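Single-structure report; data block below.
The values are calculated or read from the model by the stated rules, or taken from the named source; none is laboratory data. For clarity, every value in this text was computed on a predicted model and none was experimentally measured. Cβ placement follows ideal geometry from the backbone for every residue including glycine, while neighbour counts extend to all protein chains displayed.
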C-alpha cells in the first residue's frame, strides 16, 4: 500500500495540533517538508513517507508513535506540553525593518533591551489570532511605541 495515498483524519488532526496558529505551509517549510508532500498531508490527510514524517516529528518535538497513531507520549520527553508556535519570520523581519526605519527617521536610539521589547510588542500586535497575516506592520503603532520608550 502506498503511504502517500492512505489517509487518516486523526493524523491530520495531530498535524493541526502541531502547527497550531502558525501558517501551515511556512511551518512545513521550516520543518523541511516538500510542498507537494505537505499539501497531500495537510489538505487530504495523506500520511507522508518516512523521511518527511521524521522531519515533521522532529520539528514539532513529538514522537513518531504519537504523530502516526495518537498513542503514547506526545513529546519525546514524555510530557504533554503543547509545542511552541512557529515564528512568522517574514512578519518578524517586517517588524524589525519598520522599527529601524522609524528609529532612523526620528533619530531615536533604544537600548538593546528596549529594542527587543519593542520588536516583541510589535510582533504580538501584528500577528492575528489565526496566525495568518492580513496587513502590514502598522507604522502608527511603531510611533506610539517609540513615544512610550522615549
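Need at least 3 residues that are in the same structural domain as residue 127 (by TED's automatic domain parsing) and at pLDDT 90 or above per element, so show me which helices (runs of 4 or more DSSP H) inside the stretch 11-80 make the cut, counting only ones lying wholly within it.
none
Is it the case, given these coordinates, that residue 104 is under 23 Å from residue 19 (Cα atoms), out of contact with any strand residue (DSSP E or B) (no Cβ under 9 Å at 6 or more places or on another chain) and either outside the structural domain of residue 24 (by TED's automatic domain parsing) or at pLDDT below 85 (or both)?
So residue 104 fails the test.
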